[in-house]
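Right, one structure below, let's go through it.
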Amino acid sequence: MALIELRDVSKTYRRDAEEIGVLDRVTISVAEGEFLALMGPSGSGKSTLLNLLAGIDQPTRGTISIGDTEISKLSEGGLAAWRARHIGFIFQLYNLIPVLTAFENVELPLLLTNLTKKQRRDHVMTALGIVGLTERASHYPRQLSGGQEQRVAIARAIVTDPTLLLADEPTGDLDAKSGAEVLTLLQRLNGEYKKTIVMVTHDPHAAERASRVLHLEKGSLSQQQPVAVG
Amino acid sequence: MKFVNLVLKSVRRNKRRTTLTVLSVALAVFLFSALRAVLDGFDAVSAASSATRVVTVRSTSMIFSMPTSHEQTIRSTPGVEDVTWANWFGGIYKDPKNFFGQFAVDPVSYLRMYPEILLSEEDKKAFIEDRTGCIVGDGLAKKYGFKLGDKITIQPGIPVYGSQDYEFTIRGIYRAGSSAVDNQSMMFHWKYADERSTPKAQVGWYVTRVSDPDRAAKIALAIDQQFSNSAYETKTDTEQAFSAQFASMLGNLNLLLGSVALAVVLTTLFVAGNTMAMSVRERTTEIAVMRTLGFRAATIFSLVVGEGFIVAIGGGVIGALLARAIVNAESLGLAGGFIPMFGVNNRNVLVGLGLSAFIGVAASLIPATMASRLKIVDALRRVA
Amino acid sequence: MGLIGSYNLRSMIVRKGTAAMTAGGIAMVVAVFVMTMAIAQGFRGALVASGSNDNAILLRKGATSETVSGVLRSQLPLIEAMPHVARTADGQPLASPELVVIISLPRKSDGNPANVPVRGVGPRAYQVRNTLKMVEGRQFAPGSREINVGRQAVNRFGGLTMGSELKFGAATWTVVGIFTADDASFESEVWGDVDLMQPAFQRNGYQSVTVKLADPSAFESFESAVVADPRLDLKPSRERDYYEGQSSTTGTLIRIFATFVTSILSIGAVFGAMNTMYAAVAYRTREIGTLRALGFSRLRIISAFLAESVALALVGGVIGCILALPVNGLSTGAMNMTSFSELAFKFRVTPGLLAGGMIFSAFMGALGGLLPALRAARIPVARALREI
């Protein structure tokens, strides 16, 4: 059963008097437990697609359903609440808050819940444990390497046990070794913890780790290439 | 409550900027509290005024005197319970800069009229019995190191009192029981001054206690009517009205101090607003990330306002406490004379804190609104 | 320096919100400064305008002001006889014996009683003080209970209009004329015949004598002549010096207040400017690195940022001056501590004050920009270029 259903989704931007089409009637289904890679040249709309899945942007046309919810119909406030519960987002530039420790960064999404302080602490340490950084809990981002920062970001993304993990070029800013570590971690989350992941990337090595790869070009899907799980 | 940590950490983001802003607010609150303290000082005198005392002066101007014969006439006015009088001596103690109130009074009736002058019975007796004795307020005694038994010399400043120096012995140090009297003055025997005066038998002002506070104004008028068409016409007012006149002579204080206070608030709003705007502008990506994590626009708004509030309150606490410690008439050397005792009391501190809270919130409103209205995708796109 | 100039200007424009707020803070401080100093200026101006260099005022030796001075009636003819005193066309000495007393009149603004000075003057007072002009009615006739009132007194206190009657000193006096005196303190006064004022207030004798000198530069010889005469225990001063001295107590008080308030305010504004400049430096770190790599010296960078900060502050200063201007000419009053009388005067915003305000704002800008400018210059070039 499909966890994610995009039906006929289009996105256009208006700049001055012009209308710029970024996505053109894209239809995709993603099953639960899939690890999907979205590839395409820059300007193909893949990041936009990810943003739509995360609910931080709204499609101009078409519908998006995730689980039982048609997110294209939610209000801003509804989206925020939904996002907090269901989405874990991993950014290319990690985007950790510099004045917070690793622990506090991971805890951030939990502040939106009703958990007690102790419960939050347990969740955070668990998440940090999964990414292998419990001993760095009290370090600040500037004290961490790029790879470690991204892993903290991943911990932040999974701490609420979200329905869906979205990753935007997660290895884009990392060296080969750190990048590989991160991808291994993602694979583990998908294989061991059964997390559904949609990852945008332009790196074929990264795409190899996914269970399915979709190509986007100029706003449309070009071909579906099932790739063997590697 | 769980967001407090987040707000506190945000404040620590740029320590220098936060410090400068906190100090700015602290200064503003300090200044504001100081001004309010002065205004409150005047209000306190007014509020402590006795409802049963009225003051009589020459109608042409209070600087002219009245004859002692007025006393009997005042006493005979219906509604009058007791009468005393006093003269402003205006002498020089060592240096003209050492300004304090010196009053020639009739000790027995004056102390009876002003129960707020707190003096032990034996000191009272000693003062009454010594023609050249005097009593000084404990504030004055502290300022000049006066002790019981000290001899002080005062040079007359007003030609009426002659040119010879006056020698006094301190027979009592009084405390002020309310703001109706100040503790920075000195009282001595009117007879001592009158002996050396030319002309004699002149009184500066009369103070009368009336039987019924609700009829004070009418009794005051009745007193004046006794002397209308005489050579020494009088003007009698309630104690409260009389002190209000004094305050108004110094200038339109409310307007002046109010305008300054306004300027202070505006300046600080600019400074604090600037800080908050900069703080928000630097964090557009972070704000977008938090929105992505599920933080709502309203929450972002509150976090920014919370930040402004904390910074401003920090400054407010410093400013208010500093004002409390430093700003009071005694330590500033402004005690005595025409400006009443003032100090920053607890209420002023609370007002100061309230002001800083207002500044913090007001300055943050626009930056907070802009932060909450941020379009997530635009903000995320900016960096990469 | 041309590059730096327009570069700074454009940078300021890009960050207009911040720049505006900083300028705003400085504008407020300058406005308060100018307004409060305008009070002091107005007060002092009113008194100083009262003193002419052509005149000398004689007080009893040791008297610090008219109110505590005394001149015997018998001393007047001696003074009038002195050759230093100017004379009218028909040989009358231009000397005015004077006595100032205070009456209580209600203030129009709040109804409270105010101390208004009543000056008994000699018959030729208007010629001794020739800045006075009658704008309504005529001079009081000597020997009569007629009085003249200064225009500012008419505006400020009740019951002084043309034809009104005042009761004081067990007599009734009629207002027959209103005069102006270039906003001098005399405009807060009521004038009448000194010989009638004396008995009205149970006084015997005058407080002072003001004379017009035949030769203003001969003051010193006049002074020595007075001092030499044993029958005259008087001390002459140039009228202008006397009035300047009179303004000092209250004037100083006002100025202390103004300085206190403005200093504290200015510190706040300087902090605001510092914040802005620090942020500007941080924001443009890469640009600074580039400029340095291109060969612009540290000193140039410092000057550029200092100039930017000062320019921004000057803009604030101009706004502040414009905000303060409207108070110029506003009438108000304050108590002159030395005479215990109320002086009506006008706020005076002088060009000097405005210039002072501008200099003050430039100073605040320089202070605020100094540390950030130094920081800008100290950024190592390589690091600056690496910054994103």
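What follows draws every value from the coordinates through simple rules; no lab data is involved. Quantities reported herein were computed from a predicted structural model and do not represent experimental measurements. Neighbour counts are summed over all protein chains in view; Cβ atoms, including those assigned to glycine, are modelled from backbone coordinates with ideal geometry.
Which whole number gives the average, over all residues in B:282-289, of C-beta atoms from other chains lying within 10 Å of the residue C-beta?
Mean partner shielding for this stretch: 4.
At R0 = 56 Å, how high is the FRET efficiency between B:Lys2 and C:Ala355 if r is their beta carbon distance? Nearest 0.05 is fine.
Efficiency, rounded to the nearest 0.05: 0.50.
In degrees between 0 and 90, to the nearest 10, how far off the longest principal axis of chain C does helix C:219-228 point, with axes built from Cα atoms?
50
When only alpha-carbon atoms are used, what values of Rg and Dmax, in angstrom, describe chain C?
29.0, 93
For segment C:62-232, just list the percent of Cα-Cα distances falling in each 5 Å bin from zero outward, please.
1, 8, 16, 20, 20, 15, 10, 5, 3, 1, 0
For chain B, take the longest principal axis of its alpha carbons; what is the angle in degrees between that and the long axis of helix B:239-249, to the nearest 10 within 0 to 90?
Computed tilt is about 60 degrees.
Taking 23 Å as the cut-off for C-alpha to C-alpha distance, list the pairs among B:Lys94/B:Lys143; B:Lys151/C:Lys235; B:Lys124/B:Lys147 that go past it.
B:Lys151/C:Lys235
Does segment B:75-207 classify as rounded, prolate or oblate by the C-alpha gyration tensor (a ≥ b ≥ c root eigenvalues; a/c under 1.5 gives rounded; else a/b over b/c gives prolate, otherwise oblate)? Don't skip to the answer; put the middle values down first.
On the way: a/c = 1.64, a/b = 1.10, b/c = 1.48.
Because a/c hits 1.5 or more and a/b fails to exceed b/c, segment B:75-207 counts as oblate.
Starting with the fewest neighbours, write out B:Cys134, C:Cys321 ranked by other beta-carbon atoms found within 10 Å of each beta-carbon.
C:Cys321, B:Cys134
Once each part is reduced to its C-alpha centroid, what is the distance from segment B:69-133 to segment B:1-39 in angstrom?
Result: 49 Å between the Cα centres.
Run through the DSSP bridge list for segment B:60-232 and note the antiparallel percent, rounded to the nearest 5.
70
Of all the C-alpha pairs in segment B:155-199, what % are more than 17 Å from each other?
Working: 447 of 990 pairs.
Everything past 17 Å amounts to 45 percent.
Over the whole of C:269-281, what's the average partner chain Cβ count within 10 Å per residue? Rounded to a whole number, please.
On the way: counts 6, 3, 13, 11, 3, 5, 14, 5, 0, 5, 9, 1, 0.
Neighbouring Cβ atoms belonging to other protein chains average 6 per residue here.
Take the Cα pairs of chain B, get the Kirkwood Rh, then feed it into Stokes-Einstein at 20 °C and 1.002 mPa s and tell me D in µm²/s.
Stokes-Einstein gives a translational diffusion coefficient of 87 µm²/s.
In whole angstrom, how far apart do the alpha carbon centroids of segment C:256-283 and segment C:126-142 sit?
Measuring centre to centre over Cα atoms gives 51 Å.
Project the alpha carbons of segment A:17-105 onto their principal axes and report the range along each, largest first, in whole Å.
42, 34, 32
Using Cβ counts within 10 Å as a stand-in for footprinting exposure, how do C:Met335, C:Met274 rank, fewest first? Show your work: numbers first, answer last.
Values: C:Met335 20, C:Met274 23.
Placing the least packed residue first, the sequence is C:Met335, C:Met274.
In sequence order, what are the phi-derived ³J(HN,Hα) couplings for segment C:230-243 according to the Karplus relation 6.51 cos²θ - 1.76 cosθ + 1.60 with θ = phi - 60°, rounded to whole Hz, with x for glycine and proline?
x, 7, 10, 8, 10, 10, x, 9, 5, 4, 4, 5, 4, 5
How high is the relative contact order of chain A, in percent, counting Cα pairs under 8 Å that sit 6 or more residues apart?
28
Which entries of C:Lys167/C:Lys346; A:Lys73/A:Lys194; B:Lys97/B:Lys200; B:Lys235/C:Lys108; A:Lys73/B:Lys2; C:Lys133/C:Lys346 have Cα-Cα distances beyond 25 Å here?
C:Lys167/C:Lys346; A:Lys73/A:Lys194; B:Lys97/B:Lys200; A:Lys73/B:Lys2
Compute the whole-percent fraction of alpha carbon pairs in the protein assembly as shown spaced more than 53 Å apart.
41
How large is ³J(HN,Hα) for each residue in segment B:54-64, as worked out from phi by the Karplus curve 6.51 cos²θ - 1.76 cosθ + 1.60 (θ = phi - 60°), to whole Hz, x for Gly and Pro?
10, 10, 10, 10, 5, 5, 5, 5, 5, 7, 8
Work out the length of the dipole vector of segment B:60-232 about its Cα centre, built from +1 on the beta-carbon of each Lys and Arg and -1 on the beta-carbon of each Asp and Glu, and round it to the nearest 20 debye. Could you put the intermediate results ahead of the total?
Details: 19 positive and 21 negative charges, 57 e Å.
Taking the Cα centre of segment B:60-232 as origin, the dipole is about 280 debye.
Kindly work out what percent of the DSSP beta bridges joining two residues of the protein assembly as shown are antiparallel, to the nearest 5.
DSSP beta bridges in the protein assembly as shown are roughly 75 percent antiparallel.
Under 15 Å Cα to Cα from C:Lys212, which aspartates and glutamates show up? Leave out anything in the same chain fewer than 8 places away.
Those aspartates and glutamates meeting the cut-off are C:Asp54, C:Glu80, C:Glu98, C:Glu220, C:Glu223, C:Glu239, C:Asp241.
Sorting A:Ser42, A:Ser145 on the 10 Å Cβ count, fewest up front, what's the list?
Going from sparsest to densest Cβ surroundings: A:Ser42, A:Ser145.
Hey, how many Å between the Cα centroid of segment C:47-93 and the Cα centroid of segment C:107-124?
22
How far is helix B:216-227 tilted off the main Cα axis of chain B, in degrees rounded to 10, range 0 to 90?
That helix lies at roughly 40 degrees to the long axis.
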